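Notes for the one structure printed next.
The values are calculated or read from the model by the stated rules, or taken from the named source; none is laboratory data. Keep in mind that this is a model prediction, so the values were computed, not measured. Here the Cβ positions follow ideal geometry from the backbone for every residue, glycine too, while neighbour counts run over all protein chains shown. Note: areas computed on protein heavy atoms with side chains; ligands, DNA, RNA excluded. Shrake-Rupley method; radii C 1.70, N 1.55, O 1.52, S 1.80 Å.
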Amino acid sequence: AAAGVGPLTENERLRILSQYAQFVERDLEHAAELLETLLATYPDRADARHNLALIYDRLGRPDDAVAEYERAIATDPNLIVAYNGIVWLLRNRYGDVNGMIEWATREPAITDDQPWPHLNLCWAYLGIGDGERAVAAARRALAIDADNMWCHYHLGHALTAAGDYQAAARSYEAVLASHPGETWAHYHAGHVLALAGDSDAARAHLLAFRE
């Protein structure tokens, strides 16, 4: 199929070939090389930089991924997925809480109708032990998308950090109400209910988790 790529612009041709290399051939190195070639000619393609950052991360090159996300944002300061990507990397690959806060605090000014910027901030505030601001960020995310189980999950962690264990349990139970198969929520609910001194409710959740 890729061999049939015909009268396209060089930008389009390289993008298609990169996707083919990534998703059909499963050759991430070649996919990255194609995007690097594209960006040498079209350096202002922020979306291509974002895709290259994703590939770099999958190749185990997080430093290159962070640098490419930064270039994507410099090219298009409104590319919200690049902010999400760099915050995820800083959290999961580096544990860089200050970096997370630096990038995540920029997101709500770009878009305030998505939960993820606020969830990013929630994790960042948890990283510095600021339960109060973590709760506020998680509640803002929940106000935007009340059906998103990850909003309830983040709020549960934030409330736990803030010491409101009963409310945290209700957040985890909200996950179970909409996604009963997410049995890990039983574990978290049982844990915080034990902290709250409600041993019977804690035991019920922990038994449900074990089953």
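Computed quantities for the displayed model
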read-out: Members of the range 7-38 that are over 24 Å from the mean Cα position of the chain (by Cα) and either surrounded by 20 or more Cβ atoms within 10 Å (Cβ to Cβ) or touching a residue at least 60 places away in the same chain (Cβ under 8 Å) (or both); value: 14, 15, 17, 21, 34, 38
read-out: Answer from 159, 126 - the residue that is in a helix (DSSP H, G or I) and open to solvent by less than 30 Å² (accessible area, probe 1.4 Å); value: 159
read-out: Conditions (1) under 28 Å from residue 136 (Cα atoms); (2) at pLDDT 95 or above; (3) not in a helix (DSSP H, G or I): number failed by residue 112; value: (2)
read-out: Residue, nearest to residue 92 (Cα to Cα), within the range 36-54, restricted to residues that are of a type in the set (D, E, K, R) and assigned to a helix (DSSP H, G or I); value: 49
read-out: When residues of the range 184-199 are limited to those that are surrounded by fewer than 17 Cβ atoms within 10 Å (Cβ to Cβ) and part of a helix (DSSP H, G or I), the one farthest from the chain's Cα centre (by Cα); value: 199
read-out: Selected residue (criterion: most open to solvent (accessible area, probe 1.4 Å)) from residues of the range 62-75 that are under 15 Å from residue 35 (Cβ atoms) and not small (Gly, Ala, Ser); value: 71
read-out: Flag if residue 208 is open to solvent by less than 10 Å² (accessible area, probe 1.4 Å), touching a residue at least 12 places away in the same chain (Cβ under 8 Å) and part of a helix (DSSP H, G or I); value: no
read-out: Exclusive hit being under 22 Å from residue 96 (Cα atoms), of a type in the set (Val, Ile, Thr), within 22 Å of the chain's Cα centre (by Cα) and open to solvent by less than 30 Å² (accessible area, probe 1.4 Å), set 135, 175; value: 135
read-out: Failed criterion for residue 78 (all others in (1) assigned to a helix (DSSP H, G or I); (2) open to solvent by 30 Å² or more (accessible area, probe 1.4 Å) hold); value: (1)
read-out: Among residues of the range 91-115, those that are among the charged types (D, E, K, R) and crowded, with 16+ Cβ neighbours inside 10 Å, counted; value: 3
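Residue-wise test of (1) of a type outside the set (A, V, I, L, M); (2) open to solvent by less than 20 Å² (accessible area, probe 1.4 Å); (3) over 30 Å from residue 12 (Cβ atoms); (4) outside any loop (DSSP other than H, G, I, E, B).
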position	(1), (2), (3), (4)
56	yes, yes, no, yes
85	yes, yes, no, yes
89	no, yes, no, yes
121	no, yes, yes, yes
